[in-house]
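The values are calculated or read from the model by the stated rules, or taken from the named source; none is laboratory data. The structure displayed is predicted, hence computed values, not measured ones. All Cβ positions, even for glycine, are placed from backbone atoms using ideal geometry, and neighbour counts span all protein chains on display. Please note that ligands, DNA and RNA were not included when accessible areas were found on the heavy atoms of the full protein model with its side chains. Shrake-Rupley method; radii C 1.70, N 1.55, O 1.52, S 1.80 Å.
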Amino acid sequence: MDFTESYKQTGPCCFSPDARFLASAVDYRLVVRDVVSLKVVQLFSCVDKINFVEWAPDSEYILCGLYKRPMVQAWSLSQPDWTCKIDEGSAGIAYARWSPDSRHILTTSEFQLRLTVWSLVNTECVHVQWPKHVSRGVSFTKDGKFAAICTRRDCKDFINLLSCHSWGIMSVFAVDTLDLAGVEWSPDDSAIVAWDSILEYKVLIYSPDGRCLFKYSAYESGLGVKTVGWSPCGQFLAVGSYDQAVRTLNHLTWKTFAEFTHSASIRSPCNAAIFKEVDDPWQLDMSDLCLSEGFSRNMLDNGAENGTEGGSRVKYAVMDIPITLPSQKPASDKPNPKQGIGMLSWSNDSHYFFTRNDNMPTALWIWDICRLELAAVVVQKDPIRAAAWDPTCPRLVLCTESPHLYIWTPSGACCVNIPLPNFRIVDLKWNSAGSCLLLKDRDSFCCAAIVSALPEEELDDQSDDTSEDE
């Protein structure tokens, strides 16, 4: 794995969908770099600090949300002189997103008064009144032909289906929820999943014509759904909830076929590999060396700057079962308790999905959907900040705001040291080709190029408690 030098950023950073460019916000400037060389290919100046950045699906345009103005500015990569400014006036702009055709921008006003579709072709606009959410509650079909938008009026929730060609409303149907939390099209565009707020466990499957295909409620009298995720193949729907469990539904009967619980105590029978991050101090015999005091102090200082804490590094140790994972008791007197499945994501081949139980923030659970069992648990020293699957293979990377990058594959796990001073990873993203990884610090970023897959025998050795910093 090769790392680049670090570059300044003060806001969002993201890859273009075609994996060729990387955009980063530096105050009011938008810097577009080539992914391979990281040379600046375009530099755009906005009228205020950039709060949000999103590429158009065709990678031709890019929008910047300037929510303090509030305003949206859009730029063209191939036509640097072309620009677009969107201002909702007194209604304000709370969020903006691209349409699938890359020629329309959808903005949500303050207080969810309306959602507006702005055309970049003929400057026309279409309004949808009373959107339910600011950034959530809008989902497009995979073919980009239709949009499902959550709305609420007269104390009832609705789903509006719009054509992404004419942006006319095709149908509107009521949803049997108390407080609709979100909607998501299935990957094959055959169904829409909707789920209620955390106050009630309710998951509903609708057909595009508004028929309710299935209603699911795992329990009553408790906080409900927290995360929902379709598998990329469209055959499975995973629902994570506040009771620290994930339930999976199949796309044929919409019945649950597996339930995955997250207990702090892992006992037999369990075939999962437990990888625990441990310190791995350097073993250097310096008894025959005579070093000056200044040299020793400089070496320790350099080690601390690079996150090695004076010669210490980390590795994964494979733990025996039974094992008890560190957990936290959520505060009972505060809203939105840190409990339940806060992170859930599927691998690109739909073979695995990972979860993080928020009251066990240092543990990442990896499940095998084919075997319907726990495949691995990765236990970190610090809470897990972000995790992401490689879009091309079942390889998982995660970060904990430390100077290390952690990697898991079905063959094993390893820790990689970041060779940059004072660089701690708080977020990470893959490009769509899986060839480059964006690593973000609080005020800078770098990229990691995946040179080649780790050899099978090396991963086997690492799974036997030999994984070390590279």
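Data overview
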read-out	value
Sorted peptide list for 35-42, 196-203, 330-337, 263-270, criterion being average Cβ within 10 angstrom, highest first	196-203, 35-42, 263-270, 330-337
Principal semi-axes in Å for the stretch 163-240 [√(5λ), Cα gyration tensor, largest first]	23, 16, 10
Global geometry of the stretch 23-75, whether rounded, prolate or oblate, following the gyration tensor of its Cα atoms and the 1.5 cut on a/c	oblate
The chain - mean residue ellipticity at 222 nm from DSSP helices (-39,500 (n - 2.57) per run, n ≥ 4, rounded to 500)	-1500 deg cm²/dmol
Only Lys, Arg (+1) and Asp, Glu (-1) charged, at Cβ; the chain dipole about Cα centre in debye	2020 debye
Sparsely packed trypsin sites (Lys or Arg not before Pro) within the stretch 354-446, loop by DSSP, other Cβ within 10 Å at most 14	371, 381, 442
Highest to lowest packing among 135-143, 85-93, 402-410, 178-186, scored as the average C-beta count within 10 Å	402-410, 178-186, 135-143, 85-93
P(r) histogram, all alpha-carbon pairs of the stretch 114-269 included - 5 Å bins from 0, percent	2, 9, 18, 20, 19, 13, 9, 5, 3, 2, 1, 0, 0
Part-to-part distance (alpha-carbon centres) for the stretch 158-225 and the stretch 379-398, which is given in Å	29 Å
For the chain: accessible area per residue (Å², 1.4 Å)	46 Å²
Reachable lysines, given that their alpha-carbon falls under 21 Å from the alpha-carbon of residue 49 and they are not under 8 places away in the same chain	8, 68, 85, 440
Contact order relative to length of the stretch 1-143, as percent, for alpha carbon pairs under 8 angstrom and 6 or more apart	12 percent
Whole-percent carbon and sulfur share, accessible surface of the chain, 1.4 Å	49 percent
Contour excess over end-to-end distance, with Cα ends at residue 422 and residue 178 and 0.36 nm allotted per residue	83.1 nm
Listed pairs 226/381; 145/338; 132/381; 215/381; 338/429; 39/132 exceeding 31 Å between Cα atoms	145/338; 132/381; 215/381; 39/132
Per-selection Rg to Rh, the stretch 35-193 - Cα, Kirkwood hydrodynamic radius	0.99
Pairwise Cα inverse-distance average, inverted: Kirkwood Rh of the stretch 97-146 (Å)	11.4 Å
